[in-house]
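Scroll down for the structure; my scribbles are underneath it.
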Amino acid sequence: MFGTWNVEGLWAKLESPDFVSFIKSFDIMCLTETFMEYDFKSTLFSEFSIYQAKAKKLSHFGRASGGVMLLVKKLYEQYTSYIESEYENVIVLRLAKGIFGTNKDLLLVCAYIPPHDSPYWNSAEHGYGIEVLEQCLLDLESEHSDCHTIICGDLNSRTASNNNDCFPFRKQ
């Protein structure tokens, strides 16, 4: 079973046995907005392999921004391979086709794209907004064209300029 969750800060959630139990009920879980700028060190998820894209501290004040963590049960470790990504807030794993019974291996792309008005974009190295994910996917396609791709996470993508455009049937 696979899941994704924007946790809006992982440390506080770890104090809840219900949260930990829920995460452990999945085989693969992508967590976004972990706000963790350091390596995750805990025995809570010892049955998982943990991949982490660290959060980034944007100023001297406040918490770090972003961060992605991918937990994969060690049972599936032999079917996975980590793919290095130069993009912040992105984790990519190649999953062997035998896991899901597909005709090709799968690229699992777990990503967090900060909102369009985030101060993150003032210092971003690889573009702006969803364009970052698009470029990442193009790079992956050129190196792994023999795979299917699954994208998950928090993409903070907008489909219109305001809610009225998104929901024309809403009474005003």
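Miscellaneous remarks
- Residue-by-residue Karplus 3J(HN,Hα) for the stretch 27-44, coefficients 6.51, -1.76, 1.60, Hz, glycine and proline x: 7, 9, 9, 9, 10, 10, 6, 6, 6, 9, 9, 10, 4, 6, 10, 6, 8, 4
- Phi-derived couplings, Karplus 6.51 cos²θ - 1.76 cosθ + 1.60 at θ = phi - 60°, listed residue by residue for the stretch 74-87: 4, 3, 9, 3, 5, 9, 10, 9, 7, 10, 4, 10, 8, 9 Hz, with x used for Gly and Pro.
- Against the set [x] 9, 35, 33, 19, 4, 0; [y] 9, 36, 34, 13, 5, 3, 0; [z] 10, 38, 35, 14, 2, 0, the structure's computed P(r) over Cα pairs in 10 Å bins from 0, in percent falls on [x].
- Accessible area, probe 1.4 Å, largest first, for residues Leu108, Leu155: Leu155, Leu108
- Area accessible to solvent at Lys24, 1.4 Å probe radius, in Å²: 70 Å²
- Largest-first ordering by accessible area, 1.4 Å probe, given options Arg94, Arg63: Arg63, Arg94
- 3J(HN,Hα) couplings calculated from phi for the stretch 111-123 with the Karplus curve 6.51 cos²θ - 1.76 cosθ + 1.60 (θ = phi - 60°) are, in sequence order, 9, 10, 10, x, x, 4, 9, 6, x, 3, 5, 5, 10 Hz; Gly and Pro show x.
- The stretch 23-39-the stretch 71-107 distance, computed between alpha-carbon centres (Å): 15 Å
- Solvent exposure ordering (accessible area, 1.4 Å, most first) of Ser42, Ser118: Ser42, Ser118
- Among beta bridges that DSSP assigns inside the chain, antiparallel share in %, nearest 5: 65 percent
- Set Lys13/Lys41; Lys24/Lys57; Lys24/Lys97; Lys74/Lys104 screened for pairs whose C-alpha atoms are more than 20 Å apart: Lys24/Lys57; Lys24/Lys97; Lys74/Lys104
- Per residue accessible area of the stretch 6-117, 1.4 Å probe, in Å²: 50 Å²
- Accessible-area composition of the stretch 22-161, carbon plus sulfur, in percent [1.4 Å probe]: 50 percent
- Solvent accessible area, Å² - Ile151, 1.4 Å probe, full protein context: 80 Å²
The values are calculated or read from the model by the stated rules, or taken from the named source; none is laboratory data. Since the model is a prediction, treat every value here as computed from it, not as a measurement. In case anyone asks, the SASA skips ligands and DNA or RNA and just uses the protein heavy atoms, side chains included. Shrake-Rupley method; radii C 1.70, N 1.55, O 1.52, S 1.80 Å.
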